[in-house]
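Read-outs throughout are calculated quantities, based only on the coordinates presented, and are distinct from any laboratory measurement. From a predicted model like this one, the values you see are computed outputs, not experimental measurements. Reconstructed Cβ throughout: ideal geometry from the backbone, glycine too, with neighbour counts over all protein chains shown.
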Amino acid sequence: MAVRRALIQEADCIGCGKCTPVCPTDAIVGAPKFLHNVLEADCIGCERCVPVCPVDCISLVPMQDQFNPAKLTQDARKARSSYVRTLISARKIRLERERSEEEREFRLIKKALHEEVKDQRFARRAFLEKLLNP
Ligand code: SF4
Ligand code: SF4
């Protein structure tokens, strides 16, 4: 387990949000165009967020003792591992739910477009029939 965690330099963050989707534990929080932050308790120091930041404002710093596996008792280390596994599962569930919602929305839009095309065809046929059989 890593003994360092990510830290965002507040003054340099441009709020682009590129770091949030790569984090396996959803440890980065922030709204678009606003400062982002790392929840230290949820960061596992995987470093995935570091290379995606366009302004290079994420660095790795030592974890505080209460999160540092090297400083924890065996029981505390187990509890921390279990907590991290829960975070990773929760993220997977969230991504799956978002994917289903997107697919549902896509199906609804496709259906609406299909109906619209059908209506247009119907209107055009009616217009032509009226033109040919006044
Ligand atoms: S180091 Fe890994 S766990 Fe920590 S904030 Fe970056 S991506 Fe998330
Ligand atoms: S990638 Fe860098 S600049 Fe963009 S939100 Fe994350 S920390 Fe801020």
## Note on the structure
Rounded to two decimals, the Rg over Rh value of the stretch 4-97 from Cα coordinates and the Kirkwood Rh reads 0.99
### Query
If you stretched the chain out fully between Lys78 and Arg91, how much longer would it get, using 0.36 nm times the residue separation minus the C-alpha to C-alpha distance?
2.7 nm
### Task
Subtract the Cα-Cα distance of Glu115 and Ile14 from 0.36 nm times their separation in residues, and report this length gain in nm to one decimal.
32.1 nm
### Message
In whole Hz and in residue order, list the ³J(HN,Hα) couplings for the stretch 19-26 that follow from phi through the Karplus curve 6.51 cos²θ - 1.76 cosθ + 1.60, θ = phi - 60°; x for Gly and Pro.
### Response
7, 5, x, 8, 7, x, 10, 6
### Task
List Val61, Val22, Val38 from most exposed to least, where exposure is judged by having the fewest other Cβ atoms within 10 Å.
Val61, Val22, Val38
### Per-residue Cβ neighbour rank within 10 angstrom, fewest leading, Ile44, Ile109, Ile14
Ile109, Ile14, Ile44
### Query
Under unit Cβ charges (Lys, Arg +1; Asp, Glu -1), what dipole magnitude, rounded to 20 debye, does the chain have relative to its Cα centre?
580
### Query
By how many degrees, 0 to 90 and rounded to 10, does the Cα axis of helix 74-132 deviate from the longest principal axis of the chain?
10
### Message
Under a crude label model (7 Å from the Cα following the beta-carbon direction), how far is Leu60 from Asn133 in nanometres?
### Response
7.8
### Task
Once you have the Cα-Cα distance between Glu40 and Glu98, take 0.36 nm times their residue separation minus that, and quote the gain in nm to one decimal.
18.4 nm
